[in-house]
Structure formats: structure tokens, C-alpha cells
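The block underneath contains the structure these notes are about, expressed in C-alpha cells.
The values are calculated or read from the model by the stated rules, or taken from the named source; none is laboratory data. As the structure is a computational prediction, the values presented were derived from the model and not from experiment. Here the Cβ positions follow ideal geometry from the backbone for every residue, glycine too, while neighbour counts run over all protein chains shown.
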Amino acid sequence: MKRGVPNLFKAGTRHHSGIEAAVLKNLEACKALMELTKTSFGPNGMNKLIINHLEKVFVTNDCATILHEMEVAHPAAKMIVLAADMQEHEIGDGSNFVICLAGALLGHAADLVNMGLHPSEIIDGYVKAGRKALEIMATLVVSNVQKDKLKDHKTISAALKSVVSSKQYGQENLLCPLIAEACMAVVPDNPFNFNVDNVRVVKILGGSVSQSEVIRGMVIARNTEGLVKKLENANVGVYTCSIAAADTETKGTILINTAQELKDFNDSEEKEISGIIKSIKACGVNCIVTGSTVDEVAQHFIEREGMMIIKITSKFELRRLCRAIGAVPQVNLGPIGKDQQGFVSSVHVREIGLKKVTVFAQEKSNAISVATVLLRASTNNVLNDLEKAVDDGVNTYKAMGKSMPAGFVAGGGACEIEIASQLAKIGASTSGLGQYAMKKYAEALEVVPRALAANAGQNAMDAVAALYKAHEAGDAGMGVDIVNGGVCDMVEAGVLDLLTAKAQAMLLATDAAVTVLRVDQIIVAKQAGGPKVPQNQGGWDND
């Protein structure tokens, strides 16, 4: 047999190794991904129009949505995407920061490789620089939110301002108070246990964002089944089974000979379901919720008893409703004990934008476990972007609760430039080849102010130079002024970033960059299966 690497594998396997064929190709792919998402970074980020494999159209500047729908295929770029996904799952915000920083780190690593540095030397410098950057960041905290302030509406609204404005610039003064109100309504005594699933979003097409509101309870985006549309102080029975006469467990055939026998059979069914509905009414229930179908005969007797009937097709919504009203779902149709019934202060049907919804609302005096943000907008794409802004705000509130006291650093690129300035000085005083990697790490952090300035239509180089000048003079809070141009004090402007989110993003970006740099060979196995069927060739039939 022939000798050499190609003969280790099956025929058709592709093998790439060396600096040019493997390392630099990976770095170029990651840098290209960064260039793609960087234009969507910050309040002035541009939208991407994406048509996915199902031909569904997305118009968004949310990095997590862009990455999810793009279906990145390059294996090295996928590592960066996985890091961004982890940031989205753990913090809920900052995925674009991960992509931008990791891409910038790998772009500068390509320069170092071309200079002659070995990837292991770059990795060593990046790891040291990343560790030092996190230490410096911890010293740049400008404000803290204590546990007792997590229920202060003004404090929370201000803390969420920069997160929401990065998704919906200009709408933060409308959305932040809504998000703060919804989060404060459902936060438990121990904020560490805050559950983001307890803040729901219902999107209704039509109207404007200013018509959005918070409802203490659940909003079901459908009408009731019967004629009863409003109840006060209602006891609710929740069933997962259909509201109908019970079927037998065994199959059988009934032979009916006369019309009287048919009438008697029908009457017996009606009598059975009537008795069941009356027994439910007798135990105090005046609102029935089912996760299955409602029989017409059963609906008739429910109407006669003056009860409300609502059908919820989603089992997840049914569970949330049970949590919101304190009900225990029943698997069999029949009376419900008082301890298993739910209670709601008001359940009523509202017509919003030509769509009827059912609102389960609790009074302010009652403790609630679910709050709903009802969003209004003119198009579905705007509604989806508003939902992402609310989701990011709620996740930031959760991150604040998990890191008490919640520290905040100056936004607008101020934190990154201060870290870069200090890292460059540390790198200059470090011996060995690792100093070049530390200096490049400091340069990579400039990607944030550069992106903010470029997306705002400013000269990125001038903005970075002005920031370095201000920070050298001791103004550590100076960041990019996207409104008037130049630089301004981010602390005075109220542009603050959560320390936990930024530190986690920097850690993930560094780890992802180091992982890509460790790859020195690419081995692509031959795809399984035979030759591919030719596509779109005229004259071919199914055979």
C-alpha cells in the first residue's frame, strides 16, 4: 500500500493541514462572520433580511435570530456561533458582542500568524490577556443595584435602558417601564429564583407601541366558546380531557330498533352530561378551562348554568395558566375540590385590534406568579423585534437577581477602551512573544467602539482616537456619543452595561477564539450514501 496521510482514510476523504490550508482559512471564516453581524451591533445596528429554508422571511437586527436562521455551515465559524448561543441561553443578551470580539481576536491572530508566531504562543497570550481583562473590568464598576432596589420601578427602568435601546432605539422610554413593572410583579422573595417564563408576551397586530400594556395575569389569544364573556372573582376548574359524555373503554355495538329507543339513548347521554355539569357548578366552579374539545351538548348545559367555557389548545399555555391562578389540572371530567380550583379576580373578553382575547387578571392586592406584556405594533416583523427587546430586558433582570449586588460598567465602548488601554501597557511590560498577543487582544477590544461609531455614520478611527485621548486624561467613563458625534460621559447619559453579561461574553469569546486557534488540521470524511440525484433536469420522472 502507498504511504502517507491520505491512505489512512477511506477514498474520498479530504485532508487539509498547515498554516495556509487550515489555520488561516478558519480565521478568515470567523472574521467574515464577525463582519456580517457587526453592522447589526448597537442602537443604530442595521437590519438583516433573511429567508430561511422554509422560505419564511425575517427582518431583524437581533444577532441570536440571525445566527439561528442563517444555518452557518463552516465548522470553525460554528464554534463561534455555539459560544454566542451559550451567551444567549445563560444571560439572554450580548450574543453579538461574543461574535464581534471572537472574530476580532481571530482576525488579529491571523496577522500574528503571518508575522511568524506559532498559534500556541498566541493562545498563551490571549488566555493571559483574557484573565487580566476580567480583573480590570471588575474594577470599573460605576454603580450597584442592591437587592432591595429590585422592586424599585425607577431604578430597574434605568438599568434596562441600554439593553432595550440596543434592540429598539427610541422606544426604550416606553418599553423599559413595562418590562420593569412585569418583572417586579412576579419576582419572588429570593430574586435568585426569578423565572423568565413567568413574564409572557402576547403580540397583537395593529395600533402603535405606545398602546402596549402590562396585565397582572395571563392573556389567552382567543375568544371564549360560549356566550358568557365576563366574570368577577371566579373559581376556575381546569381539565385536560374533553368536555363531553364519557366514552366506554371497550368497543361495542348498540342495536336500536325503534325511534323511542333512539330517543331514550339520546336522553340518557344528555342526562349524564347534564348531571356532570351540575355537579361541577355545585362545587363552586363558574369558569371551565379545557385543553381538549368541547361537545355541543355539554356547551349547551354549561350555558344554562351560566358558566364560562374556554378552550386552550397549547398544553404549555395550560400549565402556565394553572400556575397563574393556582389550579390543579384534572384528567377526568367531574367535580373539583376547593383545594384544586383556581381563583382569578377577573376573567373577561377584550377586543384589541379586531382580535378578541381572554384576560385572566388578578388584583394588585393578590400575589401573582405570571405577568403578561401585551405588545402592539403595525407589522409582524416589528412585533417580533419588540418581543426580543422584552426578552432581553427580562433576562437582564434575571441576571441582576443572580449576581447581588448587580454591578454596572459604563457602556458605549467606554469599558472596552479602558481595558484596552490598560492591557496595552501591561503587554508592553511583559517579556516573551506573548506580549504581541496581549497587545492584539487590546486592539481587538476596539471593535465595540468602532462598530458603534461606524453604525452611527461616524468615522470609527476618529472616535477611537478621541476615546483613547479622553481615557488617558483619566475620564474612564467616556464612550461613543451616537447622537451628537464625538465622545461623552456614559455614566451621566445613563448608558450602563451589566457587569455579569459583559464578563460572561468576554470569557466565552476568548474561549471560542482559543478553541479555533488550537485547530491545525481539517479532516472531512466522505459523505454517506451513493451519488446525489441530479436536480432540476428536464425530462426526468420520479423513477
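Which of the numbered conditions does residue 373 fail, given that it passes all the others? Conditions: (1) touching a helix residue (DSSP H, G or I) at 6+ places or on another chain (Cβ under 9 Å); (2) over 26 Å from residue 122 (Cβ atoms); (3) surrounded by fewer than 22 Cβ atoms within 10 Å (Cβ to Cβ).
It is condition (3) that residue 373 fails.
Count, please, the residues in the stretch 490-512 that happen to be surrounded by 18 or more Cβ atoms within 10 Å (Cβ to Cβ) and not in a helix (DSSP H, G or I).
Selection size over the stretch 490-512: 4.
Hey, among 217, 226, 170, which residue is more than 25 Å from residue 324 (Cβ to Cβ) and over 19 Å from the mean Cα position of the chain (by Cα)?
170
State yes or no: is residue 298 part of a helix (DSSP H, G or I), within 40 Å of the chain's Cα centre (by Cα) and in the same structural domain as residue 358 (by TED's automatic domain parsing)? Full working, then the answer.
Working: part of a helix (DSSP H, G or I): yes; within 40 Å of the chain's Cα centre (by Cα): no; in the same structural domain as residue 358 (by TED's automatic domain parsing): yes.
For residue 298, the condition - part of a helix (DSSP H, G or I), within 40 Å of the chain's Cα centre (by Cα) and in the same structural domain as residue 358 (by TED's automatic domain parsing) - is not met.
Any residue in the stretch 413-427 that is part of a loop (DSSP other than H, G, I, E, B) and either assigned by TED's automatic domain parsing to the domain that holds residue 104 or surrounded by 20 or more Cβ atoms within 10 Å (Cβ to Cβ) (or both)? It would help to see each step written out before you state the result.
To start, the set of residues in the stretch 413-427 that are part of a loop (DSSP other than H, G, I, E, B) comprises 413.
Okay, now just the ones that are also either assigned by TED's automatic domain parsing to the domain that holds residue 104 or surrounded by 20 or more Cβ atoms within 10 Å (Cβ to Cβ) (or both), so 413.
Scanning the stretch 413-427 turns up at least one residue that is part of a loop (DSSP other than H, G, I, E, B) and either assigned by TED's automatic domain parsing to the domain that holds residue 104 or surrounded by 20 or more Cβ atoms within 10 Å (Cβ to Cβ) (or both).
Tell me which residues, restricted to the stretch 423-449, are of a type in the set (A, V, I, L, M, F, W, C) and within 17 Å of residue 123 (Cβ to Cβ).
Within the stretch 423-449, 423, 433, 437, 438, 442, 444 qualify.
Filter the stretch 443-475 down to the residues that are within 23 Å of residue 510 (Cβ to Cβ), touching a Ser or Thr at 6+ places or on another chain (Cβ under 9 Å) and surrounded by fewer than 24 Cβ atoms within 10 Å (Cβ to Cβ) and list them by number.
Selection gives 468, 471.
Within the stretch 209-242, count every residue that is within 22 Å of residue 394 (Cα to Cα) and assigned to a loop (DSSP other than H, G, I, E, B). Show your work before the answer.
Filtering the stretch 209-242 for residues within 22 Å of residue 394 (Cα to Cα) gives 209-221.
From what's left, assigned to a loop (DSSP other than H, G, I, E, B): 212, 216, 221.
Qualifying residue count, the stretch 209-242: 3.
Within the stretch 322-339, track down each residue that is charged (D, E, K, R) and out of contact with any Ser or Thr (no Cβ under 8 Å at 6 or more places or on another chain).
338, 339
For the stretch 37-55, how many residues meet the condition of being touching a helix residue (DSSP H, G or I) at 6+ places or on another chain (Cβ under 8 Å), without any contact (Cβ under 8 Å) to a residue 24 or more places away in the chain and not in a strand (DSSP E or B)?
Number satisfying all stated conditions: 1.
Could you tell me whether the stretch 103-115 includes any residue that is surrounded by 18 or more Cβ atoms within 10 Å (Cβ to Cβ), part of a loop (DSSP other than H, G, I, E, B) and in contact (Cβ under 8 Å) with a residue 40 or more places away in the chain?
no
Consider residue 70 against the criteria (1) crowded, with 18+ Cβ neighbours inside 10 Å; (2) of a type outside the set (Asp, Glu); (3) out of contact with any Gly (no Cβ under 9 Å at 6 or more places or on another chain): it satisfies all of them except one. Which criterion is unmet?
So the condition that residue 70 fails would be (1).
Quickly run through the stretch 417-437 and pick out the residues that are in contact with a Leu (Cβ under 7 Å, 6 or more places away or on another chain) and modelled with pLDDT under 90.
If the condition is that a residue be in contact with a Leu (Cβ under 7 Å, 6 or more places away or on another chain) and modelled with pLDDT under 90, then 433, 436, 437 are the ones that fit.
Starting from the stretch 116-139, take each residue that is assigned by TED's automatic domain parsing to the domain that holds residue 513 and polar (S, T, N, Q) and list its partners that are surrounded by fewer than 18 Cβ atoms within 10 Å (Cβ to Cβ) and in a helix (DSSP H, G or I), counting only C-beta distances under 7 angstrom and pairs at least six apart or across chains.
As it stands, the answer is none, since no pair meets every condition given.
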